[in-house]
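Single-structure report; data block below.
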Amino acid sequence: MRQKLMLITGGAFVLLAVSVYGLRALLSGDHEPTIAELVDTANNASERGERERAAVELGNRGPEALPHLRTLAQQSDSDEVRAAALYGLGMQWDFDSMDVLLNAMEDESPVVRSRAAGAVARMLSRDRRFQAHGPETDRAMIVGFYRTDWEQLREAPYFEEYQTEVQKVE
């Protein structure tokens, strides 16, 4: 009977230790958050830095995260979150987001404009020296040039091959 009690007590202790360790890992952030958790954090965390970190991490999650990055880039009330989402779209070579990126180059925030311009220049392999703090007329002219570049690339017979090749570089 004593051995049985010790076995039960030992098993309960192991179960308790595993539960406490698992709970501590969850509370300390040792688990990898899901895409849904990252989106929720990027939208709702009380700390600005936490929201931005969630958007950055979302940018590292691959194609499944792209629709969420597009939404954050367009709808977040945080400049930092919008900028991080745009950066993620550019790093993933998401050509389906080119219109989002081009529109973001006209955002009210210089940080957002700068991140969008960096992504566009990278994806189109063309640096037109966009100045996020420059005069609005200069910025509009360069955005117009990039829109033309994008239209030409999208219609080019080699566009699909280009997309494949630039993604291999990473």
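The values are calculated or read from the model by the stated rules, or taken from the named source; none is laboratory data. Every value quoted in this text rests on a predicted model; they were computed, and no experiment measured them. Neighbour counts are summed over all protein chains in view; Cβ atoms, including those assigned to glycine, are modelled from backbone coordinates with ideal geometry. Just so you know, the surface numbers come from the protein's heavy atoms only, side chains and all, with ligands and any DNA or RNA stripped out. Shrake-Rupley method; radii C 1.70, N 1.55, O 1.52, S 1.80 Å.
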Item checked: Matching entry among 140, 119 (being at pLDDT 95 or above, open to solvent by less than 20 Å² (accessible area, probe 1.4 Å) and part of a helix (DSSP H, G or I)) -> 119
Next item on the list: Kindly list the number of the only condition in (1) at pLDDT 95 or above; (2) farther than 22 Å from residue 125 by Cα; (3) hydrophobic (A, V, I, L, M, F, W, C); (4) out of contact with any Lys or Arg (no Cβ under 9 Å at 6 or more places or on another chain) that fails for residue 66.
Entry: (2)
Next item on the list: State whether the residues of region 87-105 include one that is among the aliphatic types (A, V, I, L, M), open to solvent by less than 20 Å² (accessible area, probe 1.4 Å), in contact with a helix residue (DSSP H, G or I) (Cβ under 7 Å, 6 or more places away or on another chain) and farther than 30 Å from residue 160 by Cβ.
Entry: no
Next item on the list: Only one of these is in a helix (DSSP H, G or I), surrounded by fewer than 20 Cβ atoms within 10 Å (Cβ to Cβ) and modelled with pLDDT under 95: 151, 160. Name it.
Entry: 160
Item checked: Which numbered condition residue 82 fails, given (1) modelled with pLDDT under 95; (2) surrounded by 24 or more Cβ atoms within 10 Å (Cβ to Cβ) -> (1)
